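Note sheet for the following structure.
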Protein chains: 2
Amino acid sequence: MFTPRTPRIVAARRLQRRRDRDQTGRFLAEGPQAVREALAADAVLELFATPAAIERYPDLAAQAPELSPVTDDALAALAETVQPQGLVAICEQNDVSIGEALAKEPRLVAVVAEIRDPGNAGTVLRTADAAGAGAVIFAGDAVDPYNGKCVRSSAGSLFHVDVVRSPLSVVDLLQDNGLQVLATSGTGEDDVDSLLDGGHLAPRTAWLFGSEAHGLPADLLSSADRRVRVPIYGGAESLNLAAAAAVCLYASARAQR
Amino acid sequence: MFTPRTPRIVAARRLQRRRDRDQTGRFLAEGPQAVREALAADAVLELFATPAAIERYPDLAAQAPELSPVTDDALAALAETVQPQGLVAICEQNDVSIGEALAKEPRLVAVVAEIRDPGNAGTVLRTADAAGAGAVIFAGDAVDPYNGKCVRSSAGSLFHVDVVRSPLSVVDLLQDNGLQVLATSGTGEDDVDSLLDGGHLAPRTAWLFGSEAHGLPADLLSSADRRVRVPIYGGAESLNLAAAAAVCLYASARAQR
């Protein structure tokens, strides 16, 4: 049984660092939900599991291409959360090029532009998946989609949609693909409800989301087809990113039903 | 200038604990945004500020009923975040009884039932405020609305809407007040888009939200007028709480415009 000092555990643990993820093209997924989705997506290379977890999740253990029993200590060394329930998998990174993603002509796309908070990016990924988006693009200096917290916040959605890493200048490519590009902005000239009422959300759409602190870069705002705000009816200054993305993506989902 | 050992700093710091907040009816708000909203709501009793912060935010310093210059160390002892930008205020808790909140006949109400995660509760509070809700009810064994992380996640909305703490059994009171009660549930018989299409979201509405892990308690689900799901169009199993609340509350806001 592998211990924290077993070379393969030591090597796997390095995947908690971005540099090692980038070099190897691998990442870690922890907990039964993420592992189940990773197995379904054929992304798992090796599953580390405590004996108790193998007993509790025999279906997951049986599906793993390689199963390595580990001590509780070894599992704790691999996991970033307190309760990974005995399972951590080494997975293959599965992102695709922007060309590959757009060739499928997705009806709905979310772009997280320079969003550095992994929890926010992962939540937008999960929400985009729920709303039926085909691709989520991490543009510019955005967080690594395979960051542990991003993987956890995505709740499996990392394995459901096309994940793309691209330079910041994506607007032209999206427009050339026939997508209208809507940039979210607290001071946008259009509001999302009026666009929905006017039938403007039915066409294929890419939504651009910026960081809560800085918003979208000026050139993305100016090159988008519209700048769109979520209306604020009460005293709040703004919505948080996850909430704003949910309102926008679900407005599109509603229009595209 | 107050240092970390000054008795008033030691006493104020105890407000980081729920027991002391409950006993004193006070709480801490940190950072310029929260302090500005607290001042506007007349909730500030004493403002602690570093000399640099007083220079940077003279308007806030001028409005404080009592201003106490503190050392950087004293400020750090009071603050729960790394960058409170030199400002922490002792505020008076401002929650109202459910009777008082309902007497104003709010058109939109959010109920967080047994939600223990302060970030989630604070985000729902912020989203409810943005969507135009008049009251947010913390029902049953929910997090303390004056928990530091909840205050920060609410981004000032704690000071904009009626905050209520109540027992879990609120449905009768809401219905007696003329509100329809909609319970969110991944397996609800109605979906939010169909309700919106059918005109069912125009009446005065209270939305019930449960924790992401456990959902709503069975008796709240059964006593609500409808159980409502947010439709999932992609592969995600569910939305996170903040995203689901945003979709539901903004659907009501749209219907009630």
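I want the local charge near B:GLY186. Using Cβ-Cβ distances under 9 Å, sum +1 for each Lys or Arg and -1 for each Asp or Glu among the other residues. Intermediate values should be presented prior to the final figure.
Details: positive: B:ARG229; negative: B:GLU237.
Local net charge: 0.
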Q. Placing a label point 7 Å from Cα toward Cβ, how far apart in nm is A:GLY199 from its equivalents in the other copies, listed shortest first to one decimal?
A. 2.3
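Using only alpha carbon pairs under 8 Å that are at least six residues apart, calculate the relative contact order of chain B and give it in whole percent.
18
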Q) Label-point separation (nm) for B:GLU100 and A:SER194, each offset 7 Å from Cα along Cα-to-Cβ? A) 3.8
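Could you tell me the total accessible area buried at the B-A interface, probe 1.4 Å, in square angstrom to the nearest hundred? It would help to have the intermediate numbers written out before the result.
Working: alone 11800 and 11830 Å², together 20950 Å².
The B and A chains share an interface burying roughly 2700 Å².
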**Q.** Nm distances between copies for B:MET1, ranked from closest, using label points 7 Å along Cα→Cβ
**A.** 5.6
Q: Given the peptides A:180-193, A:108-121, A:82-95, arrange them by the average over their residues of other C-beta atoms within 10 Å, most packed first.
A: A:108-121, A:82-95, A:180-193
Q. Shortest first and in nm to one decimal, what separations exist between B:GLN16 and its copies in the other chains, measuring from label points 7 Å along the Cα-to-beta-carbon line?
A. 2.4
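For the protein assembly as shown, compute the orientation-averaged projected area of the C-alpha convex hull (one quarter of its surface), in nm². Let's see the in-between values first.
Details: hull surface 100.8 nm².
About 25.2 nm², averaged over all directions.
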Q. Which of the listed residues, B:THR81, B:GLN63, B:ALA110, is farthest toward the dipole's positive end in region B:50-135, when Lys, Arg count +1 and Asp, Glu count -1 at the beta-carbon?
A. B:ALA110
Q. What part of the accessible area of the protein assembly as shown, given as a whole %, is carbon or sulfur when the probe is 1.4 angstrom?
A. 47
Q: Can you tell me the FRET efficiency between B:THR6 and B:ALA52 if r is taken as the Cβ-Cβ distance and R0 is 22 Å, rounded to the nearest 0.05?
A: 0.75
(Q) For chain A, I need the span (max minus min coordinate) of the C-alpha atoms along each principal axis, in Å, sorted largest to smallest. (A) 61, 41, 33
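Provide the FRET efficiency to the nearest 0.05 for the B:ARG17-B:GLU212 pair, computing r from the beta carbons and using R0 = 30 Å.
Values: r = 25 Å, r/R0 = 0.85.
With R0 = 30 Å, the Cβ-Cβ based efficiency is 0.75.
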Q) Based on Cβ point charges of +1 for Lys and Arg and -1 for Asp and Glu, what charge dipole magnitude is obtained for region B:1-133 about its Cα centre, in debye rounded to the nearest 20? A) 340
Q. What does the accessible area per residue of the protein assembly as shown come to in Å², with a 1.4 Å probe and no ligands, DNA or RNA counted?
A. 41
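Kirkwood hydrodynamic radius for region B:1-110: how many Å is it when counted over pairs of different Cα atoms? If you can, show how the numbers build up before the last one.
Details: mean 1/r = 0.0684 Å⁻¹.
Taking the inverse mean of 1/r over all distinct Cα pairs, region B:1-110 comes out at 14.6 Å.
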Q. Using only the Cα atoms, what convex hull volume per residue in Å³ does region A:170-257 have?
A. 91
(Q) From the phi angles alone, apply the Karplus equation (6.51, -1.76, 1.60; θ = phi - 60°) to region A:134-143 and give each ³J(HN,Hα) in whole Hz, x where the residue is Gly or Pro. (A) x, 8, 10, 9, 8, 9, x, 8, 7, 4
Q. Looking at region A:32-59, which residues lose a minimum of 20 Å² of accessible area between their chain alone and all protein chains in place, measuring with a 1.4 Å probe and not counting ligands or nucleic acids?
A. A:GLN33
**Q.** Size of electric dipole in region A:98-256: Cβ of Lys, Arg +1 and of Asp, Glu -1, about Cα centre, debye, nearest 20
**A.** 440
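Do the sum for chain B: with -39,500 (n - 2.57) for every DSSP H run of n ≥ 4, divided by all residues, what is the mean residue ellipticity at 222 nm, to the nearest 500 deg cm²/dmol? Working shown, then result.
Numbers: 13 runs with 102 residues, N = 257.
Computed ellipticity for chain B at 222 nm equals -10500 deg cm²/dmol.
The values are calculated or read from the model by the stated rules, or taken from the named source; none is laboratory data. Because the structure is predicted, anything quoted here is derived from the model rather than measured. Heads up, the Cβs are rebuilt from the backbone with ideal geometry, glycines too, and the neighbour counts pull from every protein chain shown. The area values use the complete protein model at the heavy-atom level, side chains included, leaving out ligands, DNA and RNA. Shrake-Rupley method; radii C 1.70, N 1.55, O 1.52, S 1.80 Å.
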